[in-house]
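The values are calculated or read from the model by the stated rules, or taken from the named source; none is laboratory data. This structure is a prediction, so every number in the text was calculated from the model and none was measured. We place every Cβ from the backbone using ideal geometry, glycine too, and count neighbours over all the protein chains shown.
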Amino acid sequence: AAGTLAYDTVNYVINPSLVIEALPTGAKLGINRTTSTSLTLALFAPYKKYVYVIGDFNNWTVSTDYFMKRASDGATWWIEIPNLQANERYAFQYLVDGEIIIADPYSELVLDPNNDQYIAAETYPNPHPYPQGKTSGIASLIEMTKTPYTWEVSDFIAPEENKLIVYEMLVRDFVAKHNYKTLLDTLDYLVNLGINAIELMPINEFEGNESWGYNPSYHMALDKYYGTPASLKAFVDACHKRGIAVIVDVVYNHAFSQNPLCQLYWDATTFKPTGQNPFVNTDAKHDFNVGYDLNHESAALRAYLKQIMEYWLTEFKLDGFRFDLSKGFTQKNTLGNVGAWGAYDIDRVNNLKRIYNEVKSVNPNAYVILEHFADNSEEKDLANYGCMFWGNMNHEATEASMGYTSNFTNAYHQSRGWNNPKLLAYAESHDEERMLYKNLQYGNSSGSYSVKDINTALDRSELTWVVFSAIPGPKLMWQFQELGYDYAIDFNGRVGNKPIKWDYNTAGNRKDIYRVMSEMNQLKLTYKAFEGNDVKLDLGGTGKRVHLSDASQNFVVMGNFDVTTADLIGDFQHTGMWYEYFSGDSINVTDIKMSINCAPGAYKVYTDKSIRTSQRIGSISQVSRQMLIYPNPSQNELRVVLEKAQATNYSLVDAHGKSLKADV
């Protein structure tokens, strides 16, 4: 309109002359706290023209005082920032070539303007405010003086690999408050289950809040949705006090678009990294890739991963890593040919051996566990070198549990030709269908016996773990497997939130699975025979047996996975008295080929020395030492000697629960 004056203000900053100067001695890429009031920041960004730092310390304005120097390699940008306040927190970003705004790739914590507001104050108290209206995107967060954590356990020695019993956990779906602080309340439950390691699904910063975590945006930053750095340290410390190792799932096959390694070299038109990117491939080199495929032949990426792994191992005293999709750690282009991708790849083998060495150089006892699923010749090479492997037995285990023919042989490392027990075999994991769900949906039946019956389905979960866990070597279970979790993996979408069913812990028929798994885990950790130095396996068909021998004590574990009664040949190691662990029964073996009559779904653990379960399972509890029952076995007559007034009546039932005599 006439007489209206419109105006605007535009600020111009003229870049100063670029200073070429070596990175200060001892400085690493990322954030370096040089004193309590000064920082040195270093960014590896080849092919870039100039870089500024913007942040709380300069009110998010572009200033020549924060123009970064470049090292003589032509790729490393750095700056020293003095006169900061001790004990203060600062957020900052890099402005690259006047257009690209990123947080530091080596951030320990970040601010997310879209998701942080939904994190509960109880989980992450006193969050640093995001600079609304001054910038956009994710920003790095730095604490000038980190409060040191006082470790109660500073000399933890992780369990031997062969004795690992690992509990895989997604914090989001395990406790309602989804934080480390609440996890502390579950540790006694897990100790009593007999596990000695917890494997956390990814806890580094991932896109969004509620996720499985395989969409990483910052590989080194702790995702605040699960808690503070101090609360994670307290959780690790509490685990170590109880003899539990803490393993973290890491995702180094790929990064998602928020990741600064992607954003530094990004083609907005194709929504892909550019060909200049020294970290990330423009297109994936293999099938089943998600996000953007990392270039494991790049020296820049190798340095990035080495520094990040060292940080997690030292800062949080983690006991190792599970490397997601490690088969992707190659530049061999097999896209469209899954078979070729899985074939022996010497470059991939060398990459993984280098990573193994880098982890072990920081912590010689750390676990290096690969989710690999490549050709056995490659896995054997890496296993003999020292790497451990996820061993997916879900199909065979659930087939058995449902009442169909299956074979557990591949759960044993020697069946694969490996020299060492490096196979972390599992019947359930985050990525596989739940056994109970399959039992209830697809279980077999014969006459009145049906696996689809809830109690039978639960009993068969006990059966499966008894036999499966007895196979020598480390084992892994998925959260709530021990309570018969029966929601499908695709409930609410595959990676969607699942019901947290702690109420199952009070249901007797479900708690029995927990008790049986606990007993088997304790046997595995206590008795030398379970180390597998002398083992005989018969794991095909529906009648499965594991024979474990040691000079101190022998075990025969057997299970009838059929839906009809079966006679299983004992193949006992010797004649004489044998004792069934769960029932307390004893038998006099006069022929090592003696047959044991097993009801459908029955399992038995025989040992040649009498030992007792530590807890009541189902309706079976420890028989008082003041009660004598003989002879055992019996044909026509059974004598019971019971201390007077201990019982007013009792009944005799067979193995199927059928009453033979009541009110005797």
| field | From LYS524, LYS511, LYS498, residue being over 20 Å from ASN192 (Cα atoms), of a type in the set (Lys, Arg) and touching a residue at least 12 places away in the same chain (Cβ under 8 Å) | value | LYS498
| remark: Flagged pairs (Cβ under 7 angstrom, 6 or more apart or on separate chains; first in segment 335-363, within 30 Å of THR314 (Cα to Cα); second crowded, with 17+ Cβ neighbours inside 10 Å and small (Gly, Ala, Ser)) are LEU352/SER326; VAL359/ALA366; LYS360/ALA366
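Pick out, from segment 200-266, the strands (runs of 3 or more DSSP E) lying fully within it that include 2 or more residues that are surrounded by fewer than 24 Cβ atoms within 10 Å (Cβ to Cβ), in contact (Cβ under 8 Å) with a residue 24 or more places away in the chain and among the β-branched types (Val, Ile, Thr).
Working: elements: 204-206, 216-222, 245-250.
Passing ranges, in order: 245-250.
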| request: Look at ASN492 and say whether it is exposed (fewer than 15 other Cβ atoms within 10 Å of the Cβ), modelled with pLDDT of 95 or more, in contact with a Phe, Trp or Tyr (Cβ under 8 Å, 6 or more places away or on another chain) and not hydroxyl-bearing (Ser, Thr, Tyr). | output: no
| query | Taking segment 314-357 as the search range and keeping residues that are in a loop (DSSP other than H, G, I, E, B) and touching a strand residue (DSSP E or B) at 6+ places or on another chain (Cβ under 7 Å), which one is surrounded by the fewest Cβ atoms within 10 Å (Cβ to Cβ)? | reply | ASP324
| note | Residues of segment 267-296 being touching a Gly at 6+ places or on another chain (Cβ under 6 Å) and crowded, with 23+ Cβ neighbours inside 10 Å, in sequence order, are HIS286
| message | Any residue in segment 594-613 that is farther than 19 Å from GLN573 by Cβ sitting within a Cβ distance under 6 Å of a residue that is of a type in the set (D, E, K, R) and assigned to a loop (DSSP other than H, G, I, E, B)? List the pairs, counting only those 6 or more apart or interchain. | response | PRO600/ASP562
| query | Hey, any hits in segment 568-583 for a residue that's touching a residue at least 24 places away in the same chain (Cβ under 8 Å), among the small types (Gly, Ala, Ser), out of contact with any Lys or Arg (no Cβ under 8 Å at 6 or more places or on another chain) and over 26 Å from ALA457 (Cα atoms)? | reply | yes
| said: Is it the case, given these coordinates, that SER377 is more than 25 Å from ASN333 (Cα to Cα) and among the hydroxyl-bearing types (Ser, Thr, Tyr)? | reply: no
| task | Go through the residues of segment 407-415 one by one and say whether even a single one is within 30 Å of MET201 (Cα to Cα), under 24 Å from the mean Cα position of the chain (by Cα) and outside any helix (DSSP H, G or I). | result | yes
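Collect the residues in segment 375-399 that are of a type in the set (Gly, Ala, Ser) and over 21 Å from VAL166 (Cβ atoms), keeping them in residue-number order.
Our first condition is that a residue be of a type in the set (Gly, Ala, Ser); within segment 375-399, this holds for 377, 383, 386, 391, 397.
Within segment 375-399, SER377 is the sole residue that qualifies.
Okay, residues lined up against (1) outside any loop (DSSP other than H, G, I, E, B); (2) over 30 Å from ASN521 (Cα atoms); (3) touching a residue at least 40 places away in the same chain (Cβ under 8 Å); (4) of a type outside the set (Val, Ile, Thr):
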site: ALA120; (1), (2), (3), (4): no, yes, yes, yes
site: TYR124; (1), (2), (3), (4): no, yes, yes, yes
site: VAL153; (1), (2), (3), (4): no, no, yes, no
site: PRO159; (1), (2), (3), (4): no, no, yes, yes
site: ASN162; (1), (2), (3), (4): yes, no, yes, yes
| Assuming GLU399 fulfils every condition listed in (1) closer than 29 Å to TYR292 by Cβ; (2) out of contact with any strand residue (DSSP E or B) (no Cβ under 6 Å at 6 or more places or on another chain) apart from one, which condition is it? | (1)
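Out of ASN87, ASN114, ASN83, which single residue is free of Cβ contacts under 8 Å to residues at least 24 places away in the same chain and not small (Gly, Ala, Ser)?
Details: ASN87 fails: free of Cβ contacts under 8 Å to residues at least 24 places away in the same chain; ASN83 fails: free of Cβ contacts under 8 Å to residues at least 24 places away in the same chain.
ASN114 is the lone residue from the list that is free of Cβ contacts under 8 Å to residues at least 24 places away in the same chain and not small (Gly, Ala, Ser).
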| field | Failed criterion for LYS306 (all others in (1) within 20 Å of VAL251 (Cβ to Cβ); (2) surrounded by 19 or more Cβ atoms within 10 Å (Cβ to Cβ) hold) | value | (2)
| field | segment 164-189: number of residues that are crowded, with 20+ Cβ neighbours inside 10 Å and part of a helix (DSSP H, G or I) | value | 5
| message | So if I check each of ASP155, ASP56, ASP65, which one is within 30 Å of LYS181 (Cβ to Cβ), acidic (Asp, Glu) and exposed (fewer than 14 other Cβ atoms within 10 Å of the Cβ)? | response | ASP155
| Does segment 476-495 include one or more residues that are assigned to a helix (DSSP H, G or I) and touching a Gly at 6+ places or on another chain (Cβ under 8 Å)? | no
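How many of the residues in segment 68-83 are surrounded by 12 or more Cβ atoms within 10 Å (Cβ to Cβ) and not basic (Lys, Arg)? Let's see the steps before the verdict.
Narrowing segment 68-83 to residues surrounded by 12 or more Cβ atoms within 10 Å (Cβ to Cβ): 68-71, 75-81.
Within this subset, residues satisfying the condition of being not basic (Lys, Arg) are 68, 71, 75-81.
Counting residues in segment 68-83 that are surrounded by 12 or more Cβ atoms within 10 Å (Cβ to Cβ) and not basic (Lys, Arg) gives 9.
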| request: Give the number of residues within segment 397-424 that are touching a helix residue (DSSP H, G or I) at 6+ places or on another chain (Cβ under 7 Å) and acidic (Asp, Glu). | output: 0
| Just wondering, is there one or more residues in segment 94-109 that are part of a strand (DSSP E or B) and either within 30 Å of LYS241 (Cα to Cα) or in the same structural domain as ALA234 (by TED's automatic domain parsing) (or both)? | yes
| said: I'd like to check something: does segment 427-444 contain any residue that is crowded, with 19+ Cβ neighbours inside 10 Å, charged (D, E, K, R) and in a helix (DSSP H, G or I)? | reply: yes
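Among the aromatic types (Phe, Trp, Tyr) and touching a residue at least 40 places away in the same chain (Cβ under 8 Å) - does that describe any residue in segment 131-151? Let's see the steps before the verdict.
Within segment 131-151, the subset among the aromatic types (Phe, Trp, Tyr) is 149, 151.
Filter again for touching a residue at least 40 places away in the same chain (Cβ under 8 Å), leaving 149, 151.
The answer is yes, given that some residue of segment 131-151 is among the aromatic types (Phe, Trp, Tyr) and touching a residue at least 40 places away in the same chain (Cβ under 8 Å).
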